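J.: Sending over a structure as structure tokens; questions will come in a sec.
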Amino acid sequence: SKLRLGIMSMLVVNQNVDFNTFKDHLGVTDGNLASHMSSLEKAKYIKVNKSFIGKKPNTTYSVTAAGRKAFNEHLDALEQLINRTV
């Protein structure tokens, strides 16, 4: 999915990213983003970190070792596909 690739791309280059930053950069709704985050969490590709800033809840996400490995393998597969068609 294009959205999941965007999520993983952001996490691979950042230590962690909060929910609203994902929403703003990817231009998606709360529900759509939450659904994809849930799928990535179930696959153990991302870790969810919940905390409070004052009394306001703050949810951030980080990539796991398994997620980083899967992302790199996906990029390698895309690169091979591109190289075959060129």
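J.: Just name the residue that is least open to solvent (accessible area, probe 1.4 Å) out of those in region 44-60 that are modelled with pLDDT under 95 and out of contact with any strand residue (DSSP E or B) (no Cβ under 8 Å at 6 or more places or on another chain).
T.: Among them, the one singled out is Gly54.
J.: Identify, from the list Val63, Val13, Val28, the residue that is without any contact (Cβ under 8 Å) to a residue 40 or more places away in the chain and surrounded by 14 or more Cβ atoms within 10 Å (Cβ to Cβ).
T.: Sole residue among the options that is without any contact (Cβ under 8 Å) to a residue 40 or more places away in the chain and surrounded by 14 or more Cβ atoms within 10 Å (Cβ to Cβ): Val28.
J.: Got a sec? Which of Phe52, Phe71 is of a type outside the set (S, T, N, Q) and touching a residue at least 60 places away in the same chain (Cβ under 8 Å)?
T.: Phe71
J.: What do you reckon, is Leu11 in contact with a Ser or Thr (Cβ under 7 Å, 6 or more places away or on another chain), aliphatic (A, V, I, L, M) and outside any strand (DSSP E or B)?
T.: It is true that Leu11 is in contact with a Ser or Thr (Cβ under 7 Å, 6 or more places away or on another chain), aliphatic (A, V, I, L, M) and outside any strand (DSSP E or B).
The values are calculated or read from the model by the stated rules, or taken from the named source; none is laboratory data. Everything quoted here is computed from the prediction, not taken from an experiment. Positions of Cβ are backbone-derived with ideal geometry, glycine not excepted, and every protein chain shown enters the neighbour counts. Side chains included, ligands, DNA and RNA excluded: accessible areas come from the protein's heavy atoms. Shrake-Rupley method; radii C 1.70, N 1.55, O 1.52, S 1.80 Å.
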